[in-house]
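The values are calculated or read from the model by the stated rules, or taken from the named source; none is laboratory data. Keep in mind the model is a prediction, meaning the values are calculated, not measured. With ideal geometry, Cβ positions are generated from the backbone for all residues, glycine too; neighbour counts draw on all protein chains shown. Heavy atoms of the whole protein, side chains included, go into the accessibility calculation; ligands, DNA and RNA do not. Shrake-Rupley method; radii C 1.70, N 1.55, O 1.52, S 1.80 Å.
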Amino acid sequence: MPLLQETTVDKLHVKLAQNRQELGQYAAEMAATNIKSLLQSQETVNIIFAAAPSQNEFLDALAIQPGIEWQRVNAFHMDEYIGLSDDAPQRFGNFLKDRFFAKVPLREVFYIHGNVADAEAECQLYSALLTQYPTDIVCMGIGENCHIAFNDPHIAFFNDPVLVKRVDLDLTSRQQQVHDGCFASLELVPEYALTLTIPALVKAPTVFCMVPAAHKAEAIYHTLLDDISEVYPSTILRTHSNATLFIDPNSAQQWLEARETK
C-alpha cells in the first residue's frame with residue numbers, strides 16, 4: 001500500500017498514509033505480520049489495545065486480517081473509567097468488546113474493572129496479570145494533550161514505579177472525550193480512571209501507534225518536534241527501539257508545515 005512519506009524521528013518510525021482509512025489498513029497489515037511472526041516462535045502473544053475512535057479503522061482492518069491464530073492471543077486494554085455503569089458504551093472495555101474483542105476468537109481477554117470497591121487492589125491485580133503475561137505488542141493512540149493511555153502531563157512519569165495506577169484526568173483529556181463524540185457534554189465525562197503507566201506501555205518490544213485526524217495535529221507536532229519530556233508524554237516513543245507512528249495528512253499538517261519552514 002503506498003505511503004506519502006516514511007521517515008524516522010530519533011528512533012521512532014513515522015509512516016504518513018494517504019488518508020485515515022489507509023492508515024488503519026497499513027497499520028493492521030504490519031501488526032498482523034508481527035503477530036504471525038511471533039506465533040511461529042512462541043505459544044501465545046499478549047497485546048494491549050487502546051480504546052478510542054482514532055483506533056476504529058485499525059481495529060476493523062485487524063479483525064479481518066487472514067491467517068492469525070487468535071485463539072493463541074491474549075488481549076489487554078490500557079485504561080478504564082471510574083464511575084460509569086458497567087454497561088455504559090463509553091467504558092473502554094465495552095468499546096473494545098464491541099469494536100474488536102467480540103469479533104475474533106481470542107484466547108482470553110483481561111478487563112480492567114474500574115468500579116471496584118478497592119481501586120488499589122484492582123491496580124495490583126492487573127499489574128500481576130501484566131507480569132504473568134509479558135506484553136509483546138502495544139496498539140495505541142495519542143491524546144490531544146499528548147497523553148498515552150491516561151497518563152496526562154501532570155501525572156505522566158517516565159520512571160513510574162508501578163504498572164497500573166488511579167489517576168485524575170485533566171481538562172483537556174476530558175474535553176477530548178466530548179470532541180470524540182463519546183459524551184454529550186464535559187459534565188458527563190468521569191474525572192477519574194485507572195490506567196497503565198508509561199513504563200507498562202513502553203516496555204513492550206513492539207509499539208504501533210495510530211493517530212489520524214486534524215484535532216491531533218498539535219499533538220503530533222509536539223510528539224515529533226519538542227524535547228523528549230513528561231510535559232509531552234508521547235515524546236517517550238522517540239526513545240523506543242521498535243515503535244511505529246502512523247499518521248494521516250490531517251494529523252501531520254502542523255508537523256509538515258514546521259518541517260517546510262526550517
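Quick notes
- Among residues of segment 185-208 that are more than 19 Å from T131 (Cβ to Cβ) and touching a residue at least 40 places away in the same chain (Cβ under 8 Å), those with a beta-carbon under 8 Å from a residue that is surrounded by 21 or more Cβ atoms within 10 Å (Cβ to Cβ) and charged (D, E, K, R) at least six positions away or on a different chain give the pairs A193/D79; A193/E80.
- Counting only residues that are modelled with pLDDT under 95 and under 17 Å from the mean Cα position of the chain (by Cα), segment 145-171 holds 1 of them.
- Flag if E57 is crowded, with 20+ Cβ neighbours inside 10 Å and part of a strand (DSSP E or B): no
- Matching residues in segment 177-203 - criterion: being more than 22 Å from F76 (Cα to Cα) and surrounded by 21 or more Cβ atoms within 10 Å (Cβ to Cβ): V189
- S251 fulfils the conditions (1) under 25 Å from L12 (Cα atoms); (2) of a type in the set (S, T, N, Q); (3) surrounded by fewer than 18 Cβ atoms within 10 Å (Cβ to Cβ) except for a single criterion, (3).
- Verdict on Y133 being open to solvent by 40 Å² or more (accessible area, probe 1.4 Å), closer than 13 Å to M78 by Cβ and of a type in the set (F, W, Y): no
- Verdict on T135 being touching a residue at least 40 places away in the same chain (Cβ under 8 Å) and either more than 25 Å from L84 (Cβ to Cβ) or among the polar types (S, T, N, Q) (or both): yes
- Odd one out for N56 among (1) more than 20 Å from V189 (Cβ to Cβ); (2) out of contact with any Ser or Thr (no Cβ under 8 Å at 6 or more places or on another chain): (1)
- Being crowded, with 17+ Cβ neighbours inside 10 Å and of a type in the set (D, E) holds for only one residue in E108, E80, E43, and it is E80.
- Any helices (runs of 4 or more DSSP H) falling wholly within segment 156-262 and containing at least 1 residues that are touching a His at 6+ places or on another chain (Cβ under 7 Å) and closer than 25 Å to Q90 by Cβ: 171-179
- Taking (1) under 17 Å from F246 (Cβ atoms); (2) in contact (Cβ under 8 Å) with a residue 12 or more places away in the chain in turn, R99 satisfies each apart from (1).
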